[in-house]
Amino acid sequence: MNHFQPKNYQTRVLESVQTYLRACLAEGDANKAFYGATLDLWGAGIRYSPLNGFDTGMPYFCLRIPTGGGKTWLAAKSVNLINTELLRVDHSVIVWLTPSNAIREQTLRALRDRTHPYHAALRDAGPITVMDLNEAKSVTRATFETSTVVIVVTRQAFQVEDEESRKVYESNGSLMSHFENLSPSQRDHLLKDGEVVPYSLVNVLRLRRPFVIIDEAHNSRTELAFDTLAKFDPSGILELSATPDTVRTPSNVLHSVSAAELKIEEMIKLPILLETEQNWQQCIADAIARREELQGIAEEEQRTGSNYLRPIVLIQAQPRDQHRPTLHVDAVRQELIDNHRIPAAEIVLATSEEKGLEKIDAEFPKGIADPNCPVKYVITQKALAEGWDCPFAYVLVSMASLSSATSVEQILGRILRQPDARHRKHSALNQ
């Protein structure tokens, strides 16, 4: 198993989670607990924003962790605290919501991998069962009663408007045993289809009152999203985000980690060097030259014992437009091939239609970071705005119009993670 030594700021985050969950149990009121916990932690109580339609005692809080800060590890580590400090149970049900299928698969692989630090963090809670939605549709009572069950799904999986998603609200014979010997109050608590109580996955979860973890929570702020969560009757909600919402449905930020803290712990590359170039072709040429310069430095370090590093350029192209020409992904790719003689094998497209990175993950054991992988340029539009973490990504070229601070922070986050979470000898490889 890979040994993982938590950073100082990660230990402080977990102490904050423990403080708040203990306060929730003691107070029986998430609002009072949040104010009291933040007063103890930061010397000033923070105003709590409750969620309409949820139990007032239900913890609803957010951890603001910049990209590269290990938020998935922190969430996995929090599961034991949820069990011991809040729920006081040996085994719980965790519904882990992700914003996309790609991040769902990435999270599932890591949480299931017994050699991965994420799985080790989960196992603090004792026996663990990690499953996807299809596996959850036939989950047994014995599984719930002998392990903490973590169900990793996309947020869209429970949206009743989607025909495929509606199946989680319909009766499923495989789940019938969960509804045996229920008390009248338990049965009255379940969702009904007319006068009938369906043997559905949602009703199974409702019986268990799962704790919900929401990854990239800034994208899950609609009324529909919260109505969907309410159907679980959750025992608590933990949000993870580098850019939490502070306006529409404000997140209750319990602990905010700064980029400076991550820099001190050698987790991210800083400072960010920003240049603007009006001529897009010159911009591409400058990025290629910068990548080659970094490649030379990386190879020089490798000859003196440093780990393998292949600097990668991430290019954010413009969307296609029927009415005017744009610098879309194919146009950028042709520019690299035709005018700069970049081999096609060194370029990968990562869009909603082109799943180039998934093919690389399937082909190479270490994905894009594998020494045998030739890719040096990743071209995207919006697909990598969040969730894709490649420590080899050093140079970002954006041709898109970014209109919000959140959009800027999310795309910049793709190039911040420090390879091997440690400083390199040459300063150019640390920024």
**OP:** Working only within the range 215-245, note down all residues that are assigned to a loop (DSSP other than H, G, I, E, B), hydroxyl-bearing (Ser, Thr, Tyr) and under 19 Å from the mean Cα position of the chain (by Cα).
**Re:** Ser220, Thr222, Thr243
Original post:
Across the range 31-66, which residue is surrounded by the fewest Cβ atoms within 10 Å (Cβ to Cβ) among those that are in contact (Cβ under 8 Å) with a residue 60 or more places away in the chain and aliphatic (A, V, I, L, M)?
Top reply: Ile46
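Could you check how many residues of the range 328-343 are open to solvent by 50 Å² or more (accessible area, probe 1.4 Å) and part of a helix (DSSP H, G or I)?
Qualifying residue count for the region: 6.
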**OP:** Give the residues of the range 67-113 that are open to solvent by 20 Å² or more (accessible area, probe 1.4 Å), closer than 25 Å to Arg141 by Cβ and part of a loop (DSSP other than H, G, I, E, B), sorted by residue number.
**Re:** Arg88, Val89, Asp90, His91
**OP:** Return yes when Pro325 is within 30 Å of Thr11 (Cβ to Cβ) and loosely packed, with under 11 Cβ neighbours inside 10 Å and no when it is not.
**Re:** no
Original post:
Taking only pairs six or more apart or across chains, which ones have beta-carbon atoms under 7 Å, a first residue in the range 2-25 that is assigned to a helix (DSSP H, G or I), and a second residue that is acidic (Asp, Glu) and surrounded by fewer than 21 Cβ atoms within 10 Å (Cβ to Cβ)?
Top reply: Asn8/Glu265; Tyr9/Glu261; Tyr9/Glu265; Gln18/Glu85; Thr19/Asp40; Leu21/Glu85; Arg22/Glu85; Leu25/Glu85
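A quick yes/no check of all residues on (1) more than 22 Å from Ser92 (Cβ to Cβ); (2) at pLDDT below 95:
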{"residue": "Phe158", "(1), (2)": "no, yes"}
{"residue": "His178", "(1), (2)": "no, no"}
{"residue": "Asp193", "(1), (2)": "yes, yes"}
{"residue": "Phe211", "(1), (2)": "no, no"}
{"residue": "Ala217", "(1), (2)": "no, yes"}
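With in a helix (DSSP H, G or I), touching a strand residue (DSSP E or B) at 6+ places or on another chain (Cβ under 7 Å) and crowded, with 21+ Cβ neighbours inside 10 Å as the only criterion, which of Ala287, Ala298 stands out?
So the residue among Ala287, Ala298 that is in a helix (DSSP H, G or I), touching a strand residue (DSSP E or B) at 6+ places or on another chain (Cβ under 7 Å) and crowded, with 21+ Cβ neighbours inside 10 Å is Ala287.
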Subject >> Among the candidates Leu74, Leu97, Leu81, residue that is closer than 25 Å to Ala230 by Cβ, of a type in the set (A, V, I, L, M, F, W, C) and touching a strand residue (DSSP E or B) at 6+ places or on another chain (Cβ under 8 Å) >> reply: Leu97
**OP:** Would you check which residues across the range 343-384 are under 27 Å from Ser401 (Cβ atoms) and at pLDDT 90 or above and list them?
**Re:** Ile347, Val348, Leu349, Val375, Lys376, Tyr377, Val378, Ile379
**OP:** Report yes if some residue within the range 168-175 is of a type in the set (D, E, K, R) and out of contact with any Pro (no Cβ under 9 Å at 6 or more places or on another chain); otherwise report no.
**Re:** no
Subject >> Among the residues listed as Val348, Val313, the single one being in a strand (DSSP E or B), within 24 Å of Gln431 (Cβ to Cβ) and open to solvent by less than 20 Å² (accessible area, probe 1.4 Å) >> reply: Val313
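Per-residue answers, yes or no, for (1) farther than 15 Å from Arg208 by Cβ; (2) within 21 Å of the chain's Cα centre (by Cα); (3) touching a residue at least 40 places away in the same chain (Cβ under 8 Å):
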site: His116; (1), (2), (3): yes, yes, yes
site: Asp124; (1), (2), (3): yes, yes, yes
site: Asp132; (1), (2), (3): yes, yes, no
site: Phe144; (1), (2), (3): no, no, yes
site: Val150; (1), (2), (3): no, yes, yes
site: Thr154; (1), (2), (3): yes, yes, yes
site: Gly173; (1), (2), (3): yes, no, no
site: Asp188; (1), (2), (3): yes, no, no
Original post:
On the given criteria, is Thr129 open to solvent by less than 10 Å² (accessible area, probe 1.4 Å) and closer than 21 Å to Ser92 by Cβ?
Top reply: no
**OP:** Kindly establish whether Tyr35 is assigned to a loop (DSSP other than H, G, I, E, B) and touching a Lys or Arg at 6+ places or on another chain (Cβ under 9 Å).
**Re:** no
Original post:
Can you tell me which residues in the range 122-181 are in a helix (DSSP H, G or I) and among the aliphatic types (A, V, I, L, M)?
Top reply: Leu122, Ala125, Leu133, Ala136, Ala142, Ala157, Val168, Leu175, Met176
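The rows are residues; the columns are (1) of a type in the set (D, E, K, R); (2) closer than 30 Å to Gly126 by Cβ; (3) at pLDDT 90 or above; (4) crowded, with 17+ Cβ neighbours inside 10 Å.
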{"site": "Glu145", "(1), (2), (3), (4)": "yes, yes, yes, no"}
{"site": "Arg166", "(1), (2), (3), (4)": "yes, no, no, no"}
{"site": "Pro184", "(1), (2), (3), (4)": "no, no, yes, no"}
{"site": "His189", "(1), (2), (3), (4)": "no, yes, yes, no"}
Subject >> Selection count where residues are open to solvent by less than 40 Å² (accessible area, probe 1.4 Å) and in contact with a Leu (Cβ under 6 Å, 6 or more places away or on another chain), scope the range 11-23 >> reply: 5
Original post:
Which residues, taken from the range 219-241, are touching a residue at least 24 places away in the same chain (Cβ under 8 Å) and open to solvent by 30 Å² or more (accessible area, probe 1.4 Å)?
Top reply: Asn219, Leu224, Asp227, Ala230, Lys231, Asp233
**OP:** Inspect all residues belonging to the range 258-276 and state whether any of them is modelled with pLDDT of 90 or more, open to solvent by less than 10 Å² (accessible area, probe 1.4 Å), over 25 Å from Ser138 (Cβ atoms) and not small (Gly, Ala, Ser).
**Re:** no
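The values are calculated or read from the model by the stated rules, or taken from the named source; none is laboratory data. Computed from a prediction, not measured in an experiment: that's the story for all the values here. Every residue, glycine as well, gets a Cβ built from its backbone with ideal geometry; the counts of neighbours run over all protein chains shown. SASA here: full protein model, heavy atoms, side chains in, ligands and nucleic acids out. Shrake-Rupley method; radii C 1.70, N 1.55, O 1.52, S 1.80 Å.
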